[in-house]
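Novice: Quick one: the structure is below, and I'll ask about it shortly.
The values are calculated or read from the model by the stated rules, or taken from the named source; none is laboratory data. In this text the structure is predicted, and so the values were computed from the model without any measurement. FYI the Cβ positions are ideal-geometry reconstructions off the backbone, even for glycines, and counts take in every protein chain you see. SASA here: full protein model, heavy atoms, side chains in, ligands and nucleic acids out. Shrake-Rupley method; radii C 1.70, N 1.55, O 1.52, S 1.80 Å.
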Amino acid sequence: MIVADRKSLEEILAMVREKRKILIVGCRGCVTVCNVGGEKEVEILAASINLARKTSDQPIEIDTVTIERQCDNEYVALLKEGIGTYDAVVSLACGVGPQFLSEAYPNQLFFPGVNTTFFGGAVSHGIWEERCQGCGTCIIHNFDGLCPIARCAKSLLHGPCGGSSDGLCEVSKETLCIWDMIVKKKMEQGRLTDLLKVIEAKDWSSARDGGPRRSIREELIP
Amino acid sequence: MDEYKSGSNLEKILRAGHFAFTGECGPPKGANVEHLKEKFAHLKGMVDAVNITDNQTAVVRMSSLAASHLLVHEGMEPNFQMVCRDRNRLAITSDILGAHALGIRNMLCLSGDHQSFGNHTQAKNVHDIDSMQLIRLVTNMRDKGRFMNDEEIDVPPRLFVGAACNPFADPFEYRVYRLANKITAGADFIQTQCIFNMEKFRTFMHQAVDMGLTEKCYILAGVTPMKNLGMANFMAKFVPGMDIPDALKKRLKGVEKAKQAEEGIRFALEQIEEFKQMEGVAGVHLMAIEWEHKVPEIAERAGVLPRPTV
Ligand code: SF4
Ligand code: SF4
(Lines give C-alpha, C1' and ligand atoms only; values in the text may rest on other atoms or scores of the structure.)
(Ligands and ions follow the chains in the order given, each with its own letter.)
Protein backbone atom coordinates (compact mmCIF):
# COMPACT_ATOMS: atom_id res chain seq x y z
CA MET A 1 0.00 0.00 0.00
CA ILE A 2 0.91 3.65 -0.10
CA VAL A 3 2.28 4.79 3.22
CA ALA A 4 2.05 8.37 4.45
CA ASP A 5 2.80 10.40 7.54
CA ARG A 6 0.60 13.16 8.90
CA LYS A 7 2.02 16.62 8.46
CA SER A 8 2.66 18.37 11.74
CA LEU A 9 -0.20 20.28 13.28
CA GLU A 10 1.88 23.47 13.06
CA GLU A 11 2.28 23.05 9.31
CA ILE A 12 -1.40 22.40 8.79
CA LEU A 13 -2.36 25.32 11.04
CA ALA A 14 -0.08 27.56 8.97
CA MET A 15 -1.78 26.38 5.78
CA VAL A 16 -5.24 27.27 7.07
CA ARG A 17 -4.18 30.35 9.08
CA GLU A 18 -6.47 32.81 7.29
CA LYS A 19 -9.28 30.37 6.73
CA ARG A 20 -12.56 30.49 8.61
CA LYS A 21 -14.37 27.48 7.21
CA ILE A 22 -12.63 24.33 6.11
CA LEU A 23 -13.41 20.76 5.17
CA ILE A 24 -11.17 17.84 6.07
CA VAL A 25 -11.49 14.88 3.72
CA GLY A 26 -10.32 11.42 4.70
CA CYS A 27 -9.89 8.34 2.55
CA ARG A 28 -10.78 4.75 3.35
CA GLY A 29 -7.92 3.37 1.26
CA CYS A 30 -4.25 2.97 2.16
CA VAL A 31 -4.15 5.92 4.55
CA THR A 32 -6.83 4.32 6.68
CA VAL A 33 -4.78 1.13 6.86
CA CYS A 34 -1.63 3.01 7.85
CA ASN A 35 -3.61 5.01 10.41
CA VAL A 36 -2.99 8.43 9.01
CA GLY A 37 -5.97 9.59 6.98
CA GLY A 38 -9.03 7.54 7.85
CA GLU A 39 -12.20 8.58 9.60
CA LYS A 40 -10.59 8.47 13.02
CA GLU A 41 -7.60 10.58 12.04
CA VAL A 42 -9.86 13.09 10.30
CA GLU A 43 -11.78 13.62 13.54
CA ILE A 44 -8.59 13.90 15.57
CA LEU A 45 -7.17 16.51 13.22
CA ALA A 46 -10.43 18.47 13.25
CA ALA A 47 -10.46 18.49 17.05
CA SER A 48 -6.82 19.57 17.20
CA ILE A 49 -7.29 22.44 14.76
CA ASN A 50 -10.45 23.49 16.53
CA LEU A 51 -8.73 23.59 19.87
CA ALA A 52 -5.69 25.45 18.60
CA ARG A 53 -7.83 28.07 16.90
CA LYS A 54 -10.06 28.48 19.90
CA THR A 55 -7.06 28.92 22.16
CA SER A 56 -5.66 31.61 19.91
CA ASP A 57 -9.05 33.26 19.77
CA GLN A 58 -9.54 32.65 16.06
CA PRO A 59 -12.35 30.14 15.96
CA ILE A 60 -12.83 28.11 12.81
CA GLU A 61 -15.69 26.10 11.39
CA ILE A 62 -14.69 22.59 10.38
CA ASP A 63 -16.67 19.96 8.48
CA THR A 64 -15.38 16.45 8.04
CA VAL A 65 -16.06 13.65 5.62
CA THR A 66 -14.31 10.43 4.67
CA ILE A 67 -14.86 8.87 1.28
CA GLU A 68 -14.15 5.41 -0.05
CA ARG A 69 -11.19 6.40 -2.22
CA GLN A 70 -9.96 9.84 -3.20
CA CYS A 71 -8.13 8.34 -6.19
CA ASP A 72 -11.42 7.40 -7.81
CA ASN A 73 -13.55 10.00 -9.57
CA GLU A 74 -16.69 8.06 -8.82
CA TYR A 75 -16.27 8.71 -5.12
CA VAL A 76 -14.74 12.16 -5.56
CA ALA A 77 -17.96 13.17 -7.34
CA LEU A 78 -19.90 12.51 -4.13
CA LEU A 79 -18.33 15.58 -2.57
CA LYS A 80 -20.06 17.86 -5.07
CA GLU A 81 -22.67 19.19 -2.66
CA GLY A 82 -20.55 21.12 -0.21
CA ILE A 83 -17.40 21.85 -2.18
CA GLY A 84 -17.10 25.46 -3.15
CA THR A 85 -18.46 26.74 0.13
CA TYR A 86 -15.17 26.25 1.98
CA ASP A 87 -12.17 28.55 2.28
CA ALA A 88 -10.00 25.48 2.01
CA VAL A 89 -10.15 21.70 1.93
CA VAL A 90 -7.50 19.59 3.65
CA SER A 91 -7.08 16.12 2.22
CA LEU A 92 -5.66 13.36 4.36
CA ALA A 93 -5.27 11.00 1.42
CA CYS A 94 -1.93 10.23 -0.22
CA GLY A 95 -0.67 12.74 -2.77
CA VAL A 96 -3.07 11.33 -5.34
CA GLY A 97 -6.14 12.40 -3.37
CA PRO A 98 -5.75 16.19 -3.30
CA GLN A 99 -4.85 16.08 -6.99
CA PHE A 100 -7.98 14.20 -7.99
CA LEU A 101 -9.92 16.65 -5.85
CA SER A 102 -8.21 19.69 -7.40
CA GLU A 103 -8.90 18.40 -10.88
CA ALA A 104 -12.55 17.66 -10.12
CA TYR A 105 -13.15 20.99 -8.36
CA PRO A 106 -10.89 23.58 -9.99
CA ASN A 107 -12.29 26.50 -8.03
CA GLN A 108 -11.70 25.02 -4.63
CA LEU A 109 -8.40 25.37 -2.74
CA PHE A 110 -6.94 22.05 -1.54
CA PHE A 111 -4.11 21.35 0.90
CA PRO A 112 -2.29 18.10 1.52
CA GLY A 113 -2.51 17.10 5.16
CA VAL A 114 -0.04 14.22 4.88
CA ASN A 115 3.40 13.57 3.45
CA THR A 116 3.24 10.61 1.10
CA THR A 117 6.33 8.56 1.72
CA PHE A 118 6.51 5.16 0.06
CA PHE A 119 5.01 1.88 -1.12
CA GLY A 120 5.38 -0.59 1.67
CA GLY A 121 3.71 -2.28 4.56
CA ALA A 122 3.72 -2.70 8.31
CA VAL A 123 6.55 -4.92 9.51
CA SER A 124 5.35 -4.81 13.08
CA HIS A 125 2.71 -2.90 14.98
CA GLY A 126 3.27 0.81 14.31
CA ILE A 127 6.25 0.39 11.98
CA TRP A 128 5.98 0.60 8.22
CA GLU A 129 8.81 0.03 5.78
CA GLU A 130 9.42 0.73 2.12
CA ARG A 131 9.42 -2.14 -0.32
CA CYS A 132 8.91 -0.74 -3.80
CA GLN A 133 9.66 2.40 -5.75
CA GLY A 134 7.40 1.72 -8.70
CA CYS A 135 10.30 1.60 -11.12
CA GLY A 136 8.03 0.25 -13.83
CA THR A 137 10.03 -2.89 -14.63
CA CYS A 138 10.08 -5.32 -11.78
CA ILE A 139 13.26 -7.36 -11.47
CA ILE A 140 13.06 -8.78 -7.98
CA HIS A 141 12.92 -12.36 -9.22
CA ASN A 142 16.64 -11.94 -9.91
CA PHE A 143 17.23 -11.09 -6.29
CA ASP A 144 15.17 -13.73 -4.55
CA GLY A 145 12.19 -11.46 -4.17
CA LEU A 146 14.09 -8.61 -2.52
CA CYS A 147 14.21 -5.22 -4.20
CA PRO A 148 17.59 -3.48 -4.40
CA ILE A 149 16.10 -0.56 -6.33
CA ALA A 150 13.88 0.60 -3.50
CA ARG A 151 15.74 -0.86 -0.56
CA CYS A 152 19.40 -0.14 -1.29
CA ALA A 153 20.26 3.49 -0.60
CA LYS A 154 22.21 3.54 -3.87
CA SER A 155 19.90 1.27 -5.89
CA LEU A 156 22.91 -0.92 -6.62
CA LEU A 157 22.48 -3.89 -8.89
CA HIS A 158 25.78 -5.35 -7.73
CA GLY A 159 25.98 -4.94 -4.00
CA PRO A 160 26.75 -4.82 -1.21
CA CYS A 161 28.84 -1.68 -1.35
CA GLY A 162 31.89 -1.16 0.83
CA GLY A 163 29.81 0.47 3.52
CA SER A 164 27.76 -2.59 4.43
CA SER A 165 28.48 -3.60 7.99
CA ASP A 166 26.90 -6.24 10.24
CA GLY A 167 23.91 -6.49 7.97
CA LEU A 168 23.23 -2.77 8.21
CA CYS A 169 23.33 -0.07 5.57
CA GLU A 170 25.95 2.64 5.75
CA VAL A 171 23.28 5.33 5.85
CA SER A 172 21.83 4.36 9.22
CA LYS A 173 22.00 1.83 11.97
CA GLU A 174 18.23 1.52 11.65
CA THR A 175 18.34 0.40 8.03
CA LEU A 176 19.02 -3.13 6.94
CA CYS A 177 21.43 -3.57 4.04
CA ILE A 178 19.22 -5.29 1.53
CA TRP A 179 22.29 -6.54 -0.32
CA ASP A 180 23.48 -8.33 2.75
CA MET A 181 20.11 -10.09 2.81
CA ILE A 182 20.24 -10.90 -0.90
CA VAL A 183 23.76 -12.32 -0.73
CA LYS A 184 23.09 -14.35 2.40
CA LYS A 185 19.94 -15.81 0.93
CA LYS A 186 21.73 -16.76 -2.27
CA MET A 187 24.56 -18.33 -0.31
CA GLU A 188 22.26 -20.29 1.97
CA GLN A 189 20.32 -21.59 -0.96
CA GLY A 190 23.38 -22.40 -3.05
CA ARG A 191 22.57 -19.93 -5.79
CA LEU A 192 25.47 -17.55 -5.45
CA THR A 193 26.39 -17.97 -9.11
CA ASP A 194 23.25 -15.96 -9.92
CA LEU A 195 25.15 -12.91 -8.69
CA LEU A 196 28.45 -13.57 -10.42
CA LYS A 197 27.72 -11.69 -13.56
CA VAL A 198 27.48 -8.14 -14.75
CA ILE A 199 23.87 -7.10 -15.06
CA GLU A 200 22.99 -4.69 -17.85
CA ALA A 201 22.33 -1.12 -16.83
CA LYS A 202 18.71 -0.63 -15.86
CA ASP A 203 16.32 0.94 -18.30
CA TRP A 204 14.95 3.81 -16.24
CA SER A 205 12.60 5.00 -18.93
CA SER A 206 9.82 2.95 -17.34
CA ALA A 207 10.46 4.73 -14.04
CA ARG A 208 9.80 8.34 -13.13
CA ASP A 209 12.72 9.30 -15.36
CA GLY A 210 10.64 8.59 -18.46
CA GLY A 211 8.09 11.22 -17.47
CA PRO A 212 4.64 10.77 -15.90
CA ARG A 213 3.40 7.28 -16.55
CA ARG A 214 0.10 5.92 -17.82
CA SER A 215 -1.46 2.51 -17.71
CA ILE A 216 -3.83 1.66 -20.51
CA ARG A 217 -6.06 -1.45 -20.44
CA GLU A 218 -7.71 -1.52 -23.82
CA GLU A 219 -10.29 -4.10 -22.78
CA LEU A 220 -11.66 -1.76 -20.13
CA ILE A 221 -12.01 1.28 -22.33
CA PRO A 222 -15.66 1.65 -23.34
CA MET B 1 54.22 -7.93 -25.52
CA ASP B 2 50.79 -6.91 -26.67
CA GLU B 3 49.70 -3.34 -26.83
CA TYR B 4 49.09 -1.33 -23.67
CA LYS B 5 45.50 -0.59 -22.79
CA SER B 6 46.16 3.04 -22.09
CA GLY B 7 49.92 3.31 -21.88
CA SER B 8 49.72 5.07 -18.52
CA ASN B 9 52.76 5.05 -16.29
CA LEU B 10 50.86 2.96 -13.78
CA GLU B 11 50.01 0.37 -16.40
CA LYS B 12 53.61 0.20 -17.58
CA ILE B 13 54.98 -0.16 -14.06
CA LEU B 14 52.56 -2.97 -13.27
CA ARG B 15 53.09 -4.71 -16.58
CA ALA B 16 56.83 -4.60 -16.08
CA GLY B 17 56.33 -6.41 -12.79
CA HIS B 18 57.47 -3.59 -10.54
CA PHE B 19 55.89 -3.16 -7.13
CA ALA B 20 53.60 -0.20 -7.74
CA PHE B 21 53.28 2.70 -5.34
CA THR B 22 50.36 5.08 -5.81
CA GLY B 23 49.31 8.10 -3.79
CA GLU B 24 46.22 10.14 -3.24
CA CYS B 25 45.25 13.77 -3.14
CA GLY B 26 41.90 15.37 -2.36
CA PRO B 27 41.05 18.51 -4.38
CA PRO B 28 40.46 21.67 -2.36
CA LYS B 29 37.15 22.85 -0.94
CA GLY B 30 37.38 25.81 -3.22
CA ALA B 31 39.21 26.88 -6.32
CA ASN B 32 42.54 27.19 -4.54
CA VAL B 33 44.84 25.97 -7.28
CA GLU B 34 47.98 27.13 -5.51
CA HIS B 35 47.25 25.00 -2.47
CA LEU B 36 46.50 22.02 -4.68
CA LYS B 37 49.79 22.45 -6.49
CA GLU B 38 51.63 22.52 -3.18
CA LYS B 39 50.06 19.20 -2.27
CA PHE B 40 50.98 17.80 -5.68
CA ALA B 41 54.58 18.88 -5.20
CA HIS B 42 54.96 16.60 -2.17
CA LEU B 43 53.98 13.63 -4.29
CA LYS B 44 56.10 14.36 -7.35
CA GLY B 45 58.54 11.55 -8.05
CA MET B 46 57.31 9.65 -5.00
CA VAL B 47 54.44 7.71 -6.53
CA ASP B 48 53.52 6.17 -9.89
CA ALA B 49 50.12 7.82 -10.04
CA VAL B 50 48.03 10.02 -7.80
CA ASN B 51 44.38 9.25 -7.12
CA ILE B 52 42.34 12.40 -7.37
CA THR B 53 39.30 11.91 -5.22
CA ASP B 54 35.80 12.71 -6.43
CA ASN B 55 33.75 14.61 -3.83
CA GLN B 56 35.10 12.17 -1.29
CA THR B 57 32.76 11.24 1.57
CA ALA B 58 30.18 13.30 -0.31
CA VAL B 59 31.81 16.59 0.67
CA VAL B 60 31.82 18.92 -2.29
CA ARG B 61 35.23 19.88 -3.70
CA MET B 62 36.84 20.98 -6.93
CA SER B 63 35.94 18.45 -9.63
CA SER B 64 38.21 15.44 -9.83
CA LEU B 65 38.37 15.87 -13.59
CA ALA B 66 39.68 19.43 -13.34
CA ALA B 67 42.11 18.57 -10.54
CA SER B 68 43.36 15.55 -12.53
CA HIS B 69 43.98 17.83 -15.45
CA LEU B 70 45.96 20.24 -13.26
CA LEU B 71 48.06 17.29 -12.16
CA VAL B 72 48.80 16.35 -15.78
CA HIS B 73 49.96 19.94 -16.22
CA GLU B 74 52.44 19.43 -13.41
CA GLY B 75 53.93 16.55 -15.35
CA MET B 76 52.44 13.97 -13.02
CA GLU B 77 50.01 11.14 -13.55
CA PRO B 78 46.50 11.16 -12.12
CA ASN B 79 44.21 8.29 -11.34
CA PHE B 80 40.94 10.05 -11.98
CA GLN B 81 38.29 8.87 -9.52
CA MET B 82 34.68 8.81 -10.58
CA VAL B 83 31.66 8.06 -8.41
CA CYS B 84 28.23 7.03 -9.68
CA ARG B 85 26.48 9.09 -7.03
CA ASP B 86 26.71 12.41 -8.84
CA ARG B 87 26.44 11.59 -12.53
CA ASN B 88 24.11 9.74 -14.84
CA ARG B 89 25.37 7.74 -17.81
CA LEU B 90 25.46 10.81 -20.05
CA ALA B 91 27.63 12.81 -17.67
CA ILE B 92 29.80 9.79 -16.94
CA THR B 93 30.41 9.11 -20.60
CA SER B 94 31.19 12.68 -21.52
CA ASP B 95 33.53 13.04 -18.54
CA ILE B 96 35.38 9.90 -19.67
CA LEU B 97 35.82 11.36 -23.15
CA GLY B 98 36.87 14.64 -21.58
CA ALA B 99 39.35 12.87 -19.31
CA HIS B 100 41.03 11.21 -22.24
CA ALA B 101 41.11 14.49 -24.15
CA LEU B 102 42.82 16.16 -21.19
CA GLY B 103 45.59 13.58 -21.10
CA ILE B 104 44.23 11.48 -18.24
CA ARG B 105 45.03 7.78 -18.63
CA ASN B 106 43.87 6.08 -15.42
CA MET B 107 40.42 6.01 -13.92
CA LEU B 108 38.98 4.50 -10.77
CA CYS B 109 35.33 3.43 -10.77
CA LEU B 110 33.39 3.86 -7.53
CA SER B 111 29.82 3.86 -6.27
CA GLY B 112 30.49 6.75 -3.91
CA ASP B 113 29.67 7.25 -0.26
CA HIS B 114 26.06 8.11 0.41
CA GLN B 115 25.38 11.86 0.42
CA SER B 116 24.16 11.65 4.00
CA PHE B 117 27.82 11.50 5.07
CA GLY B 118 28.73 14.74 3.37
CA ASN B 119 27.95 18.42 3.48
CA HIS B 120 25.00 18.47 1.07
CA THR B 121 22.80 15.95 2.78
CA GLN B 122 19.67 17.21 1.02
CA ALA B 123 21.04 16.35 -2.41
CA LYS B 124 19.34 13.93 -4.78
CA ASN B 125 21.61 11.02 -5.64
CA VAL B 126 21.88 9.64 -9.12
CA HIS B 127 23.04 6.01 -9.19
CA ASP B 128 21.85 5.57 -12.74
CA ILE B 129 24.47 2.83 -13.05
CA ASP B 130 26.62 1.26 -10.34
CA SER B 131 30.37 0.84 -10.11
CA MET B 132 30.26 -2.60 -11.75
CA GLN B 133 28.40 -1.19 -14.73
CA LEU B 134 30.74 1.80 -14.80
CA ILE B 135 33.72 -0.54 -15.20
CA ARG B 136 31.87 -2.24 -18.04
CA LEU B 137 30.92 1.06 -19.63
CA VAL B 138 34.43 2.50 -19.72
CA THR B 139 36.15 -0.72 -20.80
CA ASN B 140 33.60 -1.20 -23.59
CA MET B 141 34.26 2.36 -24.69
CA ARG B 142 37.96 1.60 -24.80
CA ASP B 143 38.00 -1.97 -26.11
CA LYS B 144 34.97 -2.04 -28.37
CA GLY B 145 34.86 1.63 -29.27
CA ARG B 146 31.19 1.69 -28.35
CA PHE B 147 29.00 3.82 -26.14
CA MET B 148 26.63 2.14 -23.73
CA ASN B 149 23.90 2.43 -26.35
CA ASP B 150 26.17 0.57 -28.80
CA GLU B 151 26.80 3.57 -31.00
CA GLU B 152 30.29 3.86 -32.35
CA ILE B 153 32.77 6.28 -30.79
CA ASP B 154 34.84 8.54 -32.97
CA VAL B 155 38.25 7.98 -31.31
CA PRO B 156 37.66 5.85 -28.24
CA PRO B 157 39.16 6.96 -24.93
CA ARG B 158 42.05 4.92 -23.62
CA LEU B 159 42.06 4.54 -19.88
CA PHE B 160 43.62 2.03 -17.54
CA VAL B 161 40.63 1.08 -15.44
CA GLY B 162 40.65 0.49 -11.73
CA ALA B 163 38.07 -0.42 -9.15
CA ALA B 164 37.90 -0.35 -5.40
CA CYS B 165 37.46 -3.28 -3.12
CA ASN B 166 36.71 -3.33 0.58
CA PRO B 167 37.65 -6.70 2.04
CA PHE B 168 36.39 -5.51 5.41
CA ALA B 169 32.79 -4.84 4.53
CA ASP B 170 30.19 -7.51 5.13
CA PRO B 171 29.40 -10.22 4.38
CA PHE B 172 33.10 -11.11 4.41
CA GLU B 173 32.67 -14.45 2.59
CA TYR B 174 31.14 -12.64 -0.36
CA ARG B 175 33.82 -9.97 -0.75
CA VAL B 176 36.14 -12.06 -2.86
CA TYR B 177 33.28 -12.90 -5.23
CA ARG B 178 32.44 -9.26 -5.60
CA LEU B 179 36.08 -8.66 -6.46
CA ALA B 180 35.88 -11.46 -9.02
CA ASN B 181 32.84 -9.78 -10.50
CA LYS B 182 34.68 -6.47 -10.87
CA ILE B 183 37.42 -8.29 -12.73
CA THR B 184 34.83 -9.95 -14.95
CA ALA B 185 33.39 -6.50 -15.60
CA GLY B 186 36.81 -5.47 -16.89
CA ALA B 187 38.84 -3.95 -14.05
CA ASP B 188 42.55 -3.84 -14.87
CA PHE B 189 43.61 -3.04 -11.34
CA ILE B 190 42.14 -2.85 -7.87
CA GLN B 191 42.91 -0.50 -5.03
CA THR B 192 41.65 -1.77 -1.72
CA GLN B 193 40.11 0.16 1.11
CA CYS B 194 42.55 1.15 3.87
CA ILE B 195 43.80 -2.01 5.50
CA PHE B 196 44.29 -2.12 9.25
CA ASN B 197 43.13 -5.64 10.02
CA MET B 198 46.05 -7.56 8.54
CA GLU B 199 44.79 -10.95 9.56
CA LYS B 200 41.55 -10.52 7.69
CA PHE B 201 43.39 -9.17 4.69
CA ARG B 202 45.73 -12.18 4.60
CA THR B 203 42.69 -14.47 4.52
CA PHE B 204 41.15 -12.38 1.79
CA MET B 205 44.29 -12.47 -0.35
CA HIS B 206 44.55 -16.23 0.07
CA GLN B 207 41.05 -16.54 -1.31
CA ALA B 208 41.84 -14.19 -4.19
CA VAL B 209 45.00 -16.08 -5.09
CA ASP B 210 43.21 -19.44 -4.84
CA MET B 211 40.52 -18.22 -7.19
CA GLY B 212 43.17 -17.11 -9.67
CA LEU B 213 42.07 -13.49 -9.48
CA THR B 214 45.55 -12.10 -8.98
CA GLU B 215 46.54 -13.55 -12.35
CA LYS B 216 43.88 -11.49 -14.06
CA CYS B 217 44.18 -8.21 -12.25
CA TYR B 218 46.70 -6.18 -10.26
CA ILE B 219 45.81 -5.69 -6.63
CA LEU B 220 47.18 -2.68 -4.79
CA ALA B 221 46.87 -2.83 -1.02
CA GLY B 222 45.47 0.32 0.60
CA VAL B 223 47.57 1.84 3.36
CA THR B 224 46.66 4.85 5.48
CA PRO B 225 49.10 5.99 8.14
CA MET B 226 47.31 7.02 11.33
CA LYS B 227 48.21 10.47 12.57
CA ASN B 228 47.05 9.76 16.10
CA LEU B 229 44.60 7.79 18.18
CA GLY B 230 41.91 10.37 17.55
CA MET B 231 42.05 9.70 13.83
CA ALA B 232 41.74 5.96 14.43
CA ASN B 233 38.69 6.49 16.60
CA PHE B 234 37.16 8.93 14.15
CA MET B 235 37.63 6.62 11.19
CA ALA B 236 36.25 3.65 13.06
CA LYS B 237 33.18 5.63 13.92
CA PHE B 238 32.44 7.76 10.89
CA VAL B 239 34.02 6.25 7.79
CA PRO B 240 31.81 3.56 6.31
CA GLY B 241 33.29 0.11 6.09
CA MET B 242 36.41 0.70 8.23
CA ASP B 243 37.82 -2.14 10.27
CA ILE B 244 40.25 -0.85 12.86
CA PRO B 245 41.36 -3.55 15.28
CA ASP B 246 41.67 -2.76 18.97
CA ALA B 247 45.29 -3.91 18.87
CA LEU B 248 46.16 -0.97 16.60
CA LYS B 249 44.31 1.49 18.80
CA LYS B 250 46.12 0.05 21.81
CA ARG B 251 49.43 0.42 20.05
CA LEU B 252 48.77 4.10 19.35
CA LYS B 253 47.50 4.62 22.87
CA GLY B 254 50.65 3.02 24.21
CA VAL B 255 52.86 5.91 23.13
CA GLU B 256 52.63 9.53 24.22
CA LYS B 257 50.55 11.78 22.00
CA ALA B 258 53.49 13.51 20.34
CA LYS B 259 54.83 10.17 19.19
CA GLN B 260 51.58 8.69 17.90
CA ALA B 261 52.21 9.94 14.37
CA GLU B 262 55.54 8.15 14.28
CA GLU B 263 53.88 5.01 15.61
CA GLY B 264 51.23 5.27 12.91
CA ILE B 265 53.89 5.59 10.24
CA ARG B 266 55.79 2.62 11.67
CA PHE B 267 52.69 0.48 11.47
CA ALA B 268 52.20 1.57 7.85
CA LEU B 269 55.82 0.74 7.03
CA GLU B 270 55.50 -2.72 8.57
CA GLN B 271 52.40 -3.24 6.45
CA ILE B 272 54.18 -2.16 3.28
CA GLU B 273 57.05 -4.55 4.06
CA GLU B 274 54.59 -7.40 4.39
CA PHE B 275 52.73 -6.43 1.22
CA LYS B 276 55.96 -6.51 -0.76
CA GLN B 277 56.20 -10.19 0.11
CA MET B 278 52.53 -11.10 0.05
CA GLU B 279 51.48 -13.34 -2.78
CA GLY B 280 49.16 -11.60 -5.21
CA VAL B 281 49.81 -8.04 -4.04
CA ALA B 282 51.12 -5.96 -6.93
CA GLY B 283 51.71 -2.74 -5.07
CA VAL B 284 50.57 -0.33 -2.42
CA HIS B 285 48.11 2.52 -2.61
CA LEU B 286 49.12 5.06 0.02
CA MET B 287 46.29 7.25 1.22
CA ALA B 288 47.99 9.78 3.44
CA ILE B 289 44.86 11.78 4.11
CA GLU B 290 45.68 15.50 4.34
CA TRP B 291 49.22 14.38 5.06
CA GLU B 292 50.73 14.61 1.60
CA HIS B 293 53.90 16.23 2.94
CA LYS B 294 54.67 13.01 4.82
CA VAL B 295 54.63 10.92 1.63
CA PRO B 296 58.32 11.54 0.69
CA GLU B 297 59.42 10.38 4.12
CA ILE B 298 57.15 7.32 4.06
CA ALA B 299 58.22 6.40 0.53
CA GLU B 300 61.86 6.79 1.49
CA ARG B 301 61.58 4.71 4.62
CA ALA B 302 59.49 2.10 2.81
CA GLY B 303 62.35 1.65 0.40
CA VAL B 304 60.25 2.26 -2.70
CA LEU B 305 62.40 5.10 -4.06
CA PRO B 306 63.44 5.96 -6.63
CA ARG B 307 60.31 5.08 -8.56
CA PRO B 308 61.15 2.97 -11.60
CA THR B 309 60.66 4.34 -15.10
CA VAL B 310 59.43 2.08 -17.86
S1 SF4 C 1 12.10 -3.72 -8.98
FE2 SF4 C 1 10.91 -1.85 -9.32
S3 SF4 C 1 8.76 -2.53 -9.40
FE4 SF4 C 1 9.97 -4.24 -8.52
S5 SF4 C 1 9.80 -3.93 -6.29
FE6 SF4 C 1 11.66 -2.87 -6.96
S7 SF4 C 1 11.04 -0.76 -7.39
FE8 SF4 C 1 9.18 -2.01 -7.26
S1 SF4 D 1 25.13 -0.64 2.70
FE2 SF4 D 1 23.87 -2.06 1.51
S3 SF4 D 1 21.85 -1.08 1.29
FE4 SF4 D 1 23.29 0.48 1.99
S5 SF4 D 1 23.99 1.50 0.12
FE6 SF4 D 1 25.46 -0.14 0.55
S7 SF4 D 1 24.72 -1.95 -0.56
FE8 SF4 D 1 23.05 -0.47 -0.50
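Novice: Look at residue A:123 and say whether it is touching a strand residue (DSSP E or B) at 6+ places or on another chain (Cβ under 8 Å), among the β-branched types (Val, Ile, Thr) and closer than 30 Å to residue A:202 by Cβ.
Specialist: yes
Novice: Please determine, by comparing only the residues of region B:89-112 that are of a type in the set (A, V, I, L, M) and surrounded by fewer than 20 Cβ atoms within 10 Å (Cβ to Cβ), which one is nearest to the other protein chains (Cβ to nearest Cβ).
Specialist: B:90
Novice: May I pose another question? Here are the criteria: (1) free of Cβ contacts under 8 Å to residues at least 60 places away in the same chain; (2) assigned to a helix (DSSP H, G or I); (3) open to solvent by 20 Å² or more (accessible area, probe 1.4 Å). Tell me which single one residue B:268 does not satisfy.
Specialist: (3)
Novice: Which helices (runs of 4 or more DSSP H) sit wholly inside region B:135-235 and have at least 1 residues that are under 30 Å from residue B:262 (Cβ atoms)?
Specialist: Answer list for region B:135-235: B:198-210.
Novice: Starting from residues that are more than 10 Å from ligand 1 (Cβ to nearest atom) and either touching a residue at least 12 places away in the same chain (Cβ under 8 Å) or open to solvent by less than 50 Å² (accessible area, probe 1.4 Å) (or both), keep the ones in region A:127-151 and report whichever is nearest to the other protein chains (Cβ to nearest Cβ).
Specialist: My answer is A:144.
Novice: A follow-up question, please. I'd like the full set of residues that are surrounded by fewer than 17 Cβ atoms within 10 Å (Cβ to Cβ) and farther than 18 Å from residue A:72 by Cβ, limited to region A:103-117.
Specialist: A:106, A:107, A:109, A:115, A:117
Novice: Do you know which of the residues in region B:127-154 that are open to solvent by 60 Å² or more (accessible area, probe 1.4 Å) and within 11 Å of chain A (Cβ to nearest Cβ) is nearest to residue B:189 (Cα to Cα)?
Specialist: Once the filter is applied, the top-ranked residue is B:136.
Novice: Quick one: which of A:136, A:190, A:167, A:211 is at positive phi, within 16 Å of ligand 2 (Cβ to nearest atom) and at pLDDT 95 or above?
Specialist: Going through A:136, A:190, A:167, A:211 in turn, just one is at positive phi, within 16 Å of ligand 2 (Cβ to nearest atom) and at pLDDT 95 or above: A:167.
Novice: Name the residue, out of A:115, A:142, that is under 27 Å from residue B:58 (Cβ atoms), of a type in the set (S, T, N, Q) and more than 14 Å from ligand 2 (Cβ to nearest atom).
Specialist: Only one candidate passes the filter, namely A:115.
Novice: Restricting attention to region A:29-42, report how many residues are in contact with a strand residue (DSSP E or B) (Cβ under 6 Å, 6 or more places away or on another chain) and part of a helix (DSSP H, G or I).
Specialist: Qualifying residue count for the region: 4.
Novice: To continue, here is another question. Among the numbered conditions (1) in contact (Cβ under 8 Å) with a residue 40 or more places away in the chain; (2) within 19 Å of residue A:1 (Cβ to Cβ); (3) surrounded by 15 or more Cβ atoms within 10 Å (Cβ to Cβ), tell me where residue A:45 comes up short.
Specialist: Failing condition for residue A:45: (2).
Novice: May I pose another question? Please specify each residue of region A:163-222 satisfying the condition of being among the hydroxyl-bearing types (Ser, Thr, Tyr), within 12 Å of chain B (Cβ to nearest Cβ) and open to solvent by 80 Å² or more (accessible area, probe 1.4 Å).
Specialist: Once the filter is applied, which keeps residues that are among the hydroxyl-bearing types (Ser, Thr, Tyr), within 12 Å of chain B (Cβ to nearest Cβ) and open to solvent by 80 Å² or more (accessible area, probe 1.4 Å), region A:163-222 yields only A:193.
Novice: I'd like the full set of residues that are assigned to a helix (DSSP H, G or I), at pLDDT below 95 and not charged (D, E, K, R), limited to region B:236-250.
Specialist: B:236, B:238, listed by residue number.
Novice: Test residue A:26 against the stated conditions and say whether it is assigned to a strand (DSSP E or B) and under 13 Å from residue A:91 (Cα atoms).
Specialist: Yes: the conditions hold for residue A:26.
Novice: If you don't mind, another one. Considering every residue within region B:239-248, establish whether at least one is open to solvent by 20 Å² or more (accessible area, probe 1.4 Å) and farther than 16 Å from residue B:193 by Cα.
Specialist: Yes: one or more hits.
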